[in-house]
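**Student:** Take this structure first; my questions come after.
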Amino acid sequence: MAPLPGVIQIQGDITKVSTAQEIIKHFEGHAADLVVCDGAPDVTGLHDIDEYIQAQLLLAVSIVRNPRPHHHREHSDSTTFVQ
């Protein structure tokens, strides 16, 4: 993806701690205004497993979006995009 003004682009697996830490450091521990993630799990064909893996992706995004729910951050002009 071509660079976009005011957008921080990170390519990584959002379920990995190292990727989450890289994203969170850009927001100094406060909630991000927006995290766009194009992640999709590998489909196994076993619906229970596929649903669990999808839920893990959603959980990872929600943790990155708001790592410390008791802090509020003023609006920012930057956006993070994870590929």
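**Student:** Keeping to the range 17-62, report how many residues are loosely packed, with under 15 Cβ neighbours inside 10 Å, among the aliphatic types (A, V, I, L, M) and under 12 Å from the mean Cα position of the chain (by Cα).
**Tutor:** Final tally of qualifying residues: 5.
**Student:** Please name all residue pairs, on different chains or six or more residues apart, with Cβ atoms under 7 Å, provided the first residue is in the range 12-39 and is without any contact (Cβ under 8 Å) to a residue 40 or more places away in the chain and the second residue is in a helix (DSSP H, G or I) and among the hydroxyl-bearing types (Ser, Thr, Tyr).
**Tutor:** Asp13/Thr19
**Student:** Report the residue count in the range 29-51 for those that are at positive phi and either touching a Lys or Arg at 6+ places or on another chain (Cβ under 7 Å) or of a type in the set (Asp, Glu) (or both).
**Tutor:** Adding up the residues that qualify gives 1.
**Student:** If I filter the range 25-37 for residues that are within 24 Å of Met1 (Cβ to Cβ) and touching a Cys at 6+ places or on another chain (Cβ under 7 Å), do I get at least one hit?
**Tutor:** No: zero hits.
Only the coordinates and a few stated rules stand behind these numbers; no lab work does. Predicted model, so just to flag it, every value in this text is computed and none were measured. Quick reminder, even Gly has a Cβ in these numbers, built from the backbone with ideal geometry, and neighbours come from all protein chains shown.
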